[in-house]
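For reference, the structure is listed below as structure tokens.
The values are calculated or read from the model by the stated rules, or taken from the named source; none is laboratory data. Every value quoted in this text rests on a predicted model; they were computed, and no experiment measured them. Cβ placement follows ideal geometry from the backbone for every residue including glycine, while neighbour counts extend to all protein chains displayed.
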Amino acid sequence: MIEDSEIPPPSYKIVLLGDSSVGKTSLVHRFVTNKFDRNTANTIGAAFITKKYSSTKLPERSLKFEIWDTAGQERYRSLTPMYYRNARVALICFDLHNFEETFKTAKFWIEQIEVNEARDSTDPIEIRLIGNKRDLFLEESSGLDEESRQAYLEQVKQFCSSNNNIKFHQTSAVDGFGITDLFDSIIDDLDDEFFTAYADRKRAELEANKNGDQFGSILSSRLAQTTNASRCC
Amino acid sequence: MKDVHPKNPENSDQHETIKFNTSFISPSKLVSGPSISPAKFPSVPTTAVNLENAGSINAADLLPSQSSHTSSTEVPDSSHLRVANNHSSGRFSLASENSYVPSIAGLTSEDEEDDREDNNIETSHNEEEDLQSILNGLIRHENHFNGQISHRNSLSSPRQEISFLDLNIFPNSETVQNGEEYYNKYIRISKDEDEAAFVEKLKHFFILSSAGKPVFSMHGADDIIMGYMGIITTIVSTFEENMKEEIKSITVGDRIKIVAINKNPLILVAVSQISYEMMSFTHNESVEEELHPRPNSLEDHDSDSDDLILINQLNTLYNYLLSILSKPTIEKNFHNRMNYDLRRVLTPLDFHNFEALCLKLTYGLPLLKEGEKISDTSSFDFYIGELLDSSIQSVKIRNTTRNRLNNIFLSCKRIKVKEDDLDSEVNSDSVSFFSKAEDQERYLGEDLLFSFLTTSSNRILSFMKPRNHTLSNEDLKILFSMISSAEMQSGDSEFTEDLWIPLCMPNFNPNGFLYVFVRKFDLSEYVEPRPTVSQPLSIILISSNKNTFFKMREISRYIITKIVKGENSRNNPLSRELLESTKLSILNDIRVPAIKHFIYKLKCSNQFIMNDMVYYNNDRSMNTLLQLVYFYSILHNSKATKIKSKLKATYNHETGLVRQINSSRSESKKLTYTRWNGAGTSVTGFMLSDDVYEFYCLSNEEIGSKDLIANSLKIIQWCEKYRKRLFLGEGVTF
């Protein structure tokens, strides 16, 4: 029989979108390596990172996150639809500390996704709004008083509630604030059914493979053919 | 010639000449433009250029030259020699024996054709004797001139650490205490608002729009460069509109050279005060059959040869811009609005890459942060590759291993998968990806154009390309620079990321993008016992289709599996060979103790190998690096003494003497011998080339002509014997 431990965690695709220099790459690095590098370079095109992760509160639930970290620079925008196609979650990031401009871009991306959804709504993308650089936002020297901070947050809140109650997270890649919470909540918010249905399907597949009718043998015989062909050189 | 420093603009009454090199816009033929004097550019940028004083004589015109077009490049080093001499009377006026006085001799022998493939010893014996007698003649001649200095040298203090300042590579060496101070003052990139410091810098690059909007400047804050942008556009458009000519270069005495290229809607400008960049040199004879032919940057090359070094540098910067934006994007942006600000679409990383390119192209130096030390030699490798006409560096691995890797690439093109699986990118569940269904199968790698397996230092181990397409070395250079800059962030080995980079390959197709997949992996993780050093390798897969990331990722996984299969046994070839190849050293492989550094370039494939610079001075410091850059630039560029049918030795000294030796044998063999004396020691540089190879070496020990030749030939023979291991060859074609 197939043990549960033999079943690999289901993969779950996430895409990060947002203006240039809001900290998308740093956020991913904090999540994956728990490190922060002040000299992180601009992303060119996109980077694809995978990470197996179990929820802190529900450790029996784990996912293999497949994360698209995209470039924020305008000149790469034409490529972006490819990254959010098939994504389950879109993390739309902005910079709390550079609010006006980056929040505007965040709204642009949310619109883009919704326009795309309307065209092809087989698998809806869950949108989460991420306000990064919370450390700078709260700093005394940020030039913001408590009042303007509240005004910004109120603006975000209103936007979220008028857009299908988008979830909003505050994070800081510098001190790690809110980042495990964010990924925990992505797992915790999933239905039980997602996991049980996956496990059943996977178990059936593995059973079938054990009965000889498996991809492994096909793959390896195919590879053997190609290597044999090249060995004559 | 007078010694004028840029900080003394009041010396404007000195007789310096400005020479304009221009070309008619159509047809693009070169004419020599008006010469102008006196000059204050660029120290006092507001000075108007006076076009009425045409007709004053350029100093270069007075130099002995061997008639007609092809030999107009004779006496390539005169400017350099004079620069050096100036300094011996400046900084070293009290002890002139301390200054390095380079003396250069170039000669070409003409032997009967000898077949390089069969490396028989008899031929090389004859060769050795011939070369030796030629070289002996040269050295005797040199001693006649240098005898006094050499003699005094031998009495002076024992050998000491040489600083690049002692070599008078750059102007104003006497104004500083040490190399670091010099670097900070004249070389280091600075965006300060201090204009006095700005004009001191030895090298400037500007990229601006035709309307005068700055895109990039190597040094200086915006406030400073704005004025210069105005001057540049004024000069360029004046020539364009009033004289129907395109300005190419402006030479101020032999002190400053300004070169511009007009890539409408952009203008790129280089300003240099560095002697080795102002040397004129002929490009290698065009009989060279390069695997990757150079792009059209060499049109008009015989008349442009004076400016070629700087023109090539500007083309490299321009290619970078093309690679990130592509030509149509640049044109479209400016078409909509002439005063468009291109900086809007550039990222901080782009400016970082521009700065790194400027330093690499000029000095072979990396872009260092405050207080950071040079940690690898990639910038030096880059410089030497540029110097050797966009040559690429190879890694030594066994030919059978290379073939094995090539065949793995070939087999990638034969993997078939079911069409449905390709469309639904359920890649991560590879179980369902490799479906068993036989109908409607398609090739996984149908959009895969080029594949590379490289080391972490971007040296290619193996590659695959389509039958009718190729990537030029210039394009490869852009590709590798881009990948290195994208990887800066992931110094962490515990986490892997796959990159997907849209990139325009300017020589392949300046109008469109290719998509570059990059996966790094550490070979040492798959080897038992695990090597102590990590062996990072990169798989680079270039696709023509932007939606093929997951296919490329699947192919990369397949390649890794194939490479590491069998790697866990002790006799794993690739891992062990990679460990050895990093130690490519003439000291380890053959006994040539006096030769401390060498470069061997195989002309037909435009690839080269050299040993690690650490063997030269036991360090990889900036000091050593700048010296090697200088020595090799002089050695390479002085081979311009291109002599046709008869064996001839030209010997340039301060007197500008030219000597000829006749010989009955004929071949395309050339040699250059250079010696820098001073500071109680000397450095010998030697270049030997024929149709097959170019060989350069340096020795900082006393070495006789006999040993020099014997050792050089030993290395050359070794390189020829192991050619298939040392050089990449032509990869595989599908």
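Points worth noting:
- Of everything in region B:307-355 that is among the aromatic types (Phe, Trp, Tyr) and closer than 30 Å to A:Arg38 by Cβ, the residue that is nearest to the other protein chains (Cβ to nearest Cβ) is B:Phe351.
- Residues located in region B:544-583, provided they are within 14 Å of chain A (Cβ to nearest Cβ) and modelled with pLDDT under 75: B:Gly566
- Residue ID - farthest from A:Thr80 (Cα to Cα), chosen from residues in region A:114-136 that are surrounded by 11 or more Cβ atoms within 10 Å (Cβ to Cβ) and aliphatic (A, V, I, L, M): A:Leu136
- Region A:1-32, residues that are β-branched (Val, Ile, Thr) and modelled with pLDDT of 90 or more: A:Ile14, A:Val15, A:Val22, A:Thr25, A:Val28, A:Val32
- Of note, A:Ile44 satisfies the criterion of being crowded, with 23+ Cβ neighbours inside 10 Å, assigned to a loop (DSSP other than H, G, I, E, B) and within 11 Å of chain B (Cβ to nearest Cβ).
- Residue in region A:82-91 that is farther than 13 Å from A:Leu16 by Cβ, aliphatic (A, V, I, L, M) and more than 14 Å from chain B (Cβ to nearest Cβ) present: no
- Scanning region B:344-355 for residues that are surrounded by fewer than 20 Cβ atoms within 10 Å (Cβ to Cβ) and under 22 Å from the mean Cα position of the chain (by Cα) yields B:Phe351, B:His352, B:Glu355.
- Residue among A:Glu111, A:Glu154, A:Glu74, A:Glu139 that alone is surrounded by fewer than 16 Cβ atoms within 10 Å (Cβ to Cβ) and either closer than 30 Å to A:Pro9 by Cβ or within 14 Å of chain B (Cβ to nearest Cβ) (or both): A:Glu74
- Restricting attention to region B:197-236 and to residues that are touching a residue at least 24 places away in the same chain (Cβ under 8 Å) and surrounded by fewer than 17 Cβ atoms within 10 Å (Cβ to Cβ), the residue that is nearest to B:Glu355 (Cα to Cα) turns out to be B:Ala221.
- Within region B:431-462, considering residues that are outside any loop (DSSP other than H, G, I, E, B), of a type in the set (Gly, Ala, Ser) and at pLDDT 75 or above, the one surrounded by the most Cβ atoms within 10 Å (Cβ to Cβ): B:Ser451
- Those residues of region A:11-41 which are in contact with a strand residue (DSSP E or B) (Cβ under 6 Å, 6 or more places away or on another chain), within 10 Å of chain B (Cβ to nearest Cβ) and part of a loop (DSSP other than H, G, I, E, B), in sequence order: none
- Of the residues in region B:213-230, at least one is in contact with a Cys (Cβ under 7 Å, 6 or more places away or on another chain) and not in a strand (DSSP E or B).
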